[in-house]
Amino acid sequence: MKNIRNFSIIAHIDHGKTTLSDRLIQKCNGLTKREMFNQVLDSMDLERERGITIKAQSVTLKYIDKNKKIFFLNFIDTPGHVNFSHEVFRSLSACEGVLLVIDTTQGIEAQTIAHCNYAQKLNLTILPVLNKIDLPNSNPKKVLEDIKNIIKIPIQDAVQCSAKTGQGISELLKKIVQIIPQPSGNVQNSLQALIIDSWFDKYFGIVSLIRIKNGSLKKKDKILIIRTKKIYIIENLGIFTPKRMPKDKLYNGEVGWIIFGSKKIDTTLVGETITSYKNPSNTLLPKFKKIKPKIYAGLFPFEPKKYILFRDALNKLKLNDISLFTEPDNSKILGFGFRCGFLGLLHMEIVQSRLEREYNIKVISTAPTVIYEILLKNNQILLLDNPSKFPKLDTIKEIREPLAICHILTPIKYVGEIIKICIQKRGTQQKIIYHDTCVSMSYIIPLSEIILDFFDQLKTISSGYASLEYKFKKFKKSDLVKIDILINHIKIDSLSMIQHKKNALKNSKKIIEVIKKIMPRHQFNIPIQASISNTIIARTTIKQLRKNVIEKCYGGDISRKKKLLKQQKKGKKKMKQIGNVNIPQEVFFSIFQMN
Ligand code: GDP
């Protein structure tokens, strides 16, 4: 059997994962210098633009040690943002080891600890890599201490390097093959392979990234997805070097791509186990957890006639985005669309911009909300992900909101300010531990307070140094009310929001003022009102437009009149007409501009 090492890199954003991956590829001659001009692993434009990696990818590198022994290193990329922990888990499930990359000028971040916990749960070998040692303010000694005390893993194998200059990279490769175990499994057994990722390619149809645990797979093999019982024929297969390189066969321990030869979208592939149709195995490989969405929002095609295209595009996105939840939705105001569940705001933004860029579908989205648990008087429990579907008040016994446990890691000097915002966000402190130079604290905070801008606020007050990791803890009874917004006396269902009673009046006033600012003036007065159970609690008015654009034409020049009207229409293009009022997209997002 070949010598194989499967590993992933865990790193907080900006700690050097991409630079290190490029360096490893270059060192193992995966690409020529000319091809290296771009950072190759982040393949989607969108990712490159934002500097984060969304989709797991892999590269097989050939490494020859000093005794001329050949190793194949399968490096499976993981995304690095706080919203994408589930994808990290997914990549880790296909590995025996991880490189824990830490920027020695920054130190450990909360999310790094969370990802290490995953790796430990999966029994992976963790190799600490202390990066950026070329920088004058690098402090590897402190980082080593922190790894020992905070993450609690052995540090004797830690490698110090600079991904930028290449210093220490040979040492790192040596350590990778030395301490990360060879994958187990047997080529004689029947096929078992895990689908790590899956995406839709315009030319090839469905392409998946797989890791073979047992047996082998070749072109034209008939395969069976064990759980769903679906059958496919493998049209082609191979590895990424990082270029797509076709192979005759893939063996146990290997990571590679397969083309299913199906243009029909199957959104149930990721995480499934493949086996051979002829000689099937019945045993599923451990599946990574499907993470439930944390926030929900309505997405509607701007042009209602694009609904079918919109639906198909969402399905294609769901192929490799197993946490994207969609369900047909219908708004009185915005028409047919989908209620979508996302892992966080960034995830939502990415889905929206992928729809616009890759599928040319402009969408209107409503403000995101968390899911609430409502206990009805008939003892039924309703899970509410859409405030406009809030049941009648007299049918409700109790409303419960989701709470999250937040782990924050920060340099000591920002602790006071951070505690302040945690309290402001209705948080309760669970634990606070002082380390040498940093503090780790845990708070329970309502999820609705976290999703909008908590992370941004943390970053702002700590000059970017504090880091956050949070997860759902439980539902808890809370004093919540539904606020409706009326524009020109029409209730805009997609603007309804659920708020804590304490903040209801203050936030209602804020939101109608925000809407007033965004809305264009019309030829008539437009009242904007906030109401709770049909009682108006706040109101403001957009005064009518005095200047009539055609007034100046003295009724004479008709072509000039037309031109002016056309110009005025152009200005309205990105607006949704509701009744006789034009509402810009930003209004549906006004909740973000309240602070
Ligand atoms: P990622 O977000 O973890 O993928 O981080 P990147 O690889 O994009 O690196 C973030 C920044 O740190 C970039 O500007 C890199 O050039 C820089 N960087 C990465 N590794 C090193 C290093 O070893 N030394 C120095 N001086 N800079 C580095």
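Measure nothing fancy, just the Cα-based angle from helix 501-518's long axis to the longest principal axis of the chain, in degrees from 0 to 90, nearest 10.
The angle comes out at about 80 degrees.
Using only the alpha carbons, work out the radius of gyration and Dmax of the range 145-276 in angstrom.
18.6, 53
On full extension of the chain, what length is gained from LYS420 through GLN182, given 0.36 nm per residue of separation minus the C-alpha to C-alpha distance? Please report the intermediate quantities before stating the final value.
Numbers: separation 238, 0.36 × 238 = 85.68 nm, distance 4.91 nm.
So the extension gain works out to 80.8 nm.
What is the range 426-493 by shape, rounded, prolate or oblate, if you read a ≥ b ≥ c off the alpha carbon gyration tensor as root eigenvalues and call it rounded for a/c under 1.5, prolate for a/b larger than b/c, and oblate otherwise?
Working: a/c = 4.18, a/b = 1.98, b/c = 2.11.
Cα axes put the range 426-493 in the oblate bin.
Suppose the chain between LYS220 and LYS517 were pulled fully straight at 0.36 nm per residue; how much longer would it get relative to their current alpha carbon spacing?
Numbers: separation 297, 0.36 × 297 = 106.92 nm, distance 6.14 nm.
Extra length from LYS220 to LYS517 when fully extended: 100.8 nm.
At q = 0.08, 0.09, 0.11 Å⁻¹, what log₁₀ I(q)/I(0) does the chain have when each alpha carbon counts as one equal point scatterer in the Debye sum?
Log10 of I(q)/I(0), two decimals: -0.66, -0.81, -1.12.
On average, how much accessible surface per residue is there in the range 279-349, in Å², for a 1.4 Å probe, leaving out ligands, DNA and RNA? Could the numbers behind the result be given before it?
Details: 3310 Å² over 71 residues.
Accessible area per residue, the range 279-349: 47 Å².
I need the semi-axes of the equivalent ellipsoid of the range 276-411: take the C-alpha gyration tensor, multiply each eigenvalue by 5, square-root it, list largest first in whole angstrom. Intermediate results must be reported in sequence, preceding the final value.
On the way: eigenvalues 157, 122, 67 Å².
Rounded to whole Å, the semi-axes are 28, 25, 18.
Rounded, prolate or oblate, given the Cα gyration tensor of the range 485-532, with a/c below 1.5 counting as rounded?
Since a/c reaches 1.5 and a/b is larger than b/c, the shape of the range 485-532 is classed as prolate.
Compute the Kirkwood hydrodynamic radius of the range 348-459, taking the inverse of the mean of 1/r over all pairs of distinct Cα atoms, and give it in Å to one decimal. Walk me through the numbers before you get to the answer.
Numbers: mean 1/r = 0.0590 Å⁻¹.
Kirkwood radius, the range 348-459: 17.0 Å.
How far, in degrees from 0 to 90, does helix 110-121 lean away from the longest principal axis of the Cα atoms of the chain, to the nearest 10?
Taking the Cα atoms of the chain, the angle to 110-121 is about 50 degrees.
Where does helix 558-571 land angle-wise versus the long Cα axis of the chain, in degrees 0 to 90, nearest 10?
50 degrees
Could you work out the mean projected area of the convex hull around the alpha carbons of the range 127-200, in square nanometres to one decimal? Write down the numbers at each step before the final one.
On the way: hull surface 34.5 nm².
Here the figure is 8.6 nm², rounded to one decimal.
Tell me, in nm to one decimal, what length is gained between LYS332 and ARG244 on full extension, where the rule is 0.36 nm per residue of separation less the Cα-Cα distance? Display every interim value, and only then the final one.
Numbers: separation 88, 0.36 × 88 = 31.68 nm, distance 4.74 nm.
Once the chain is fully extended between LYS332 and ARG244, it gains 26.9 nm.
Probe radius 1.4 Å, ligands and nucleic acids ignored: give me the carbon and sulfur share of the accessible area of the chain as a rounded percent.
On the way: 14250 of 27880 Å².
Answer for the chain: carbon and sulfur cover 51 percent of the accessible area.
Post the alpha-carbon centroid distance, the range 236-281 to the range 113-178, in whole angstrom.
32 Å
Placing one identical point scatterer on every Cα of the range 250-336 and ignoring solvent, what is log10 I(q)/I(0) from the Debye formula at q = 0.11, 0.17, 0.23 Å⁻¹?
-0.49, -0.91, -1.31
Sorted by mean Cβ packing within 10 Å, highest first, what order do the peptides 100-111, 369-380 take? Provide the component values of the computation, followed by the final result.
Numbers: 100-111: 23.4, 369-380: 15.7.
Output ranking for 100-111, 369-380: 100-111, 369-380.
Say R0 is 51 Å: what FRET efficiency, to the nearest 0.05, do SER170 and GLU356 get from their beta-carbon distance? Intermediate results must be reported in sequence, preceding the final value.
Working: r = 44 Å, r/R0 = 0.87.
Plugging the Cβ-Cβ distance into 1/(1 + (r/R0)^6) gives 0.70.
With each pseudo-label sitting 7 Å past Cα toward Cβ, what's the THR460-ARG311 distance in nm, one decimal?
My value for the distance between the label points is 4.2 nm.
Specify whether the C-alpha gyration tensor of the range 212-298 places it in the rounded, prolate or oblate class, a ≥ b ≥ c being the square roots of the eigenvalues: rounded for a/c under 1.5, otherwise prolate if a/b is larger than b/c and oblate if not. Intermediate results must be reported in sequence, preceding the final value.
Numbers: a/c = 1.71, a/b = 1.42, b/c = 1.21.
It is prolate, given that a/c is not under 1.5 and a/b is the larger ratio.
The values are calculated or read from the model by the stated rules, or taken from the named source; none is laboratory data. Since this is a predicted model, take the numbers as computed values, not measurements. Neighbour counts are summed over all protein chains in view; Cβ atoms, including those assigned to glycine, are modelled from backbone coordinates with ideal geometry. We work out accessible area using only protein heavy atoms, side chains counted, and drop any ligands, DNA or RNA first. Shrake-Rupley method; radii C 1.70, N 1.55, O 1.52, S 1.80 Å.
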